[in-house]
Amino acid sequence: MKTSNPVLSRLGQAAERERSAGYGPYGPAGQGQPGYGQQAGYGQPAYGEAYPTATGYPASPPAVQPMTIDDVVVKTVTLLGITGISAVAAWNLIPDSATGAAWIGAALVGLVLGLVISFMRVANPALVVAYAVIEGVFVGMVSKTFESFYSGIVLQAVVATFGVFFLMAILYRAKVIRATPKFTRAIISIMAGLFAVMLINFVLALFGVNTGLRDNGALGIIFSLVCIVVASLSFILNFNEIEEGVRMGLPQRYSWTAAFGILVGLIWLYIEILRLLSFLQGGDD
């Protein structure tokens, strides 16, 4: 179970440990095959055989269902729905006087949760759902602020975001863009660099230092364009992780991790498109 993707390697190792403990996939993908590190002991049925029960009828051994594409789609739609509901609620319930505080607070909490989810070795649906709720507040406050200056800009950004997402899905499906090891390393490195720059810029802004990186100028427009391109290409990594995860037989709960990756990319892309549209309309935010 080898892969050049570090995320998949980590998830693959976690799945391997589950199978080593005797919880390998059972059914079409694993029926009749011995579990990793599992041997039939004295008086125990071999793997793939039925377990006797008090009623005399055979029962299958415990199993962990493998992840499927449908699982990821359902989880992604669920997270998007939660994020959308949270955004609408924040837009309507949080007063204008608290918009800035809610925006910054949600951004910081979301960043911490995102890092925890990204680096932990076990998928945690509760944390992923909590992330969607917090990011919904962040997206709602950002959207409300931009919409107050530019009427209709939120709808334009939403349409553009999903348009880019489906375009990348088509390009990946048609194998126009593939997640080769070199491509994967390059995108991950660039993303890490961009997030580091944005985090530094955010901290400096809190102390009143304006770098011009997020202003309506040549530097701000170029940086937003770079972020949009990289955010778009990050979906190729997501699609590849999902495809490889299904092939590797990762447990079903890892579909939450895959859906989380897509949600992060969509939110990032949406915010960058929203900002770029405001620049093109002559705004300075």
(request) Inspect region 240-253 for any residue being surrounded by 19 or more Cβ atoms within 10 Å (Cβ to Cβ), touching an Asp or Glu at 6+ places or on another chain (Cβ under 7 Å), in the same structural domain as GLY100 (by TED's automatic domain parsing) and not in a helix (DSSP H, G or I) and give the result as yes or no. (result) yes
(message) For region 251-273, which positions are over 10 Å from the mean Cα position of the chain (by Cα) and among the aliphatic types (A, V, I, L, M)?
(response) LEU269, ILE271, ILE273
(request) Inspect all residues belonging to region 178-192 and state whether any of them is buried (at least 20 other Cβ atoms within 10 Å of the Cβ) and within 19 Å of TRP103 (Cβ to Cβ). (result) no
(message) Looking at (1) touching a Ser or Thr at 6+ places or on another chain (Cβ under 7 Å); (2) assigned to a loop (DSSP other than H, G, I, E, B), which one does THR184 not meet, given that it meets all the others?
(response) (2)
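Take the conditions assigned to a helix (DSSP H, G or I), of a type in the set (Lys, Arg) and within 20 Å of the chain's Cα centre (by Cα) and apply them to ARG178. Does it pass?
Against the criterion (assigned to a helix (DSSP H, G or I), of a type in the set (Lys, Arg) and within 20 Å of the chain's Cα centre (by Cα)), ARG178 does not qualify.
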(request) Specify the residue that is farthest from ALA106 (Cα to Cα); the eligible residues are those in region 128-172 that are in contact (Cβ under 8 Å) with a residue 12 or more places away in the chain and of a type in the set (D, E, K, R). (result) LYS144
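The values are calculated or read from the model by the stated rules, or taken from the named source; none is laboratory data. All values reported here derive from a predicted model rather than from experimental measurement. When we count neighbours, we look across all protein chains shown, and the Cβ atoms used for this are built from the backbone with ideal geometry, even at glycine.
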